[in-house]
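Participant: This is the structure I want to talk about, given as structure tokens.
The values are calculated or read from the model by the stated rules, or taken from the named source; none is laboratory data. What you see is a predicted model; the values in this text were computed from it and never measured. Because the Cβ atoms are built from the backbone with ideal geometry, glycine has one as well, and the counts that use them run over all protein chains shown. Surface areas here come from the heavy atoms of the whole protein model, side chains and all, with no ligands, DNA or RNA. Shrake-Rupley method; radii C 1.70, N 1.55, O 1.52, S 1.80 Å.
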Amino acid sequence: MLGHLCPNPISVITLSKKLQLIESKALAISNFRKISGDFFVRQPISKQLAKDLGGAMHNECVKQCSTIDLRLRGAASVPWSVIAGVVAVRYILLPLLGTVLVKAAVRFGVIQPDPLYQFILLLQYAVPPAMNIGTITQLFGVGESECSVIFVWVYALASVAVTVWSAFFMWTLS
């Protein structure tokens, strides 16, 4: 099968070893791209890489092996309704719930009526989610790109939300 691609005197065993070397190099590139977060479907092998890996390969072999499929993962497809729901719960519902809980705790004497302490407790309900959610998705290997898309939107809106809620919390505590 490989003989018709490479009519030069390279033996099939040598050619298969060189192809295995190319595949291992592609795997190393794939792992690097996975770590760095690049999303490429096909990555051409440079002429220098082809020369280093198979200097004795025939031109036809280089043409056949000039691209390696490095499909890592597709683009995340998170519906806008999911992003809007996460943002609404995180930046509207949770701070309101936190305000009710902290005010009720002060009223029933569970916490001291110190305004700074109450402000810190209220602020915890208005900040963006912790990064441990992203770490968990990376450990399980499921939903990494979707989690990243949600984090982008949540953190993009965090500056506005934290500013507005901080002003509201200071107003309620004064």
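Participant: Do you know which residues across region 132-165 are farther than 21 Å from Ser77 by Cα and free of Cβ contacts under 8 Å to residues at least 24 places away in the same chain?
Facilitator: The answer is Asn132, Ser159, Val160, Thr163, Val164.
Participant: Restrict the check to region 148-171 and report whether at least one residue is over 14 Å from the mean Cα position of the chain (by Cα), among the hydroxyl-bearing types (Ser, Thr, Tyr) and open to solvent by 80 Å² or more (accessible area, probe 1.4 Å).
Facilitator: Yes, the conditions are met somewhere in region 148-171.
Participant: Let me ask something else. Anything in region 77-121 that is of a type in the set (D, E, K, R) and open to solvent by 90 Å² or more (accessible area, probe 1.4 Å)? List them, or say none.
Facilitator: Arg107 - this is the single residue of region 77-121 that is of a type in the set (D, E, K, R) and open to solvent by 90 Å² or more (accessible area, probe 1.4 Å).
Participant: If you don't mind, there's one more thing I want to ask. Out of all the residues in region 157-174, is one or more at pLDDT 85 or above and either in contact with a strand residue (DSSP E or B) (Cβ under 7 Å, 6 or more places away or on another chain) or not in a helix (DSSP H, G or I) (or both)?
Facilitator: Initial filter on region 157-174 (at pLDDT 85 or above): 157-174.
If we keep only those that are either in contact with a strand residue (DSSP E or B) (Cβ under 7 Å, 6 or more places away or on another chain) or not in a helix (DSSP H, G or I) (or both) too, we end up with 174.
Yes, that holds for at least one residue.
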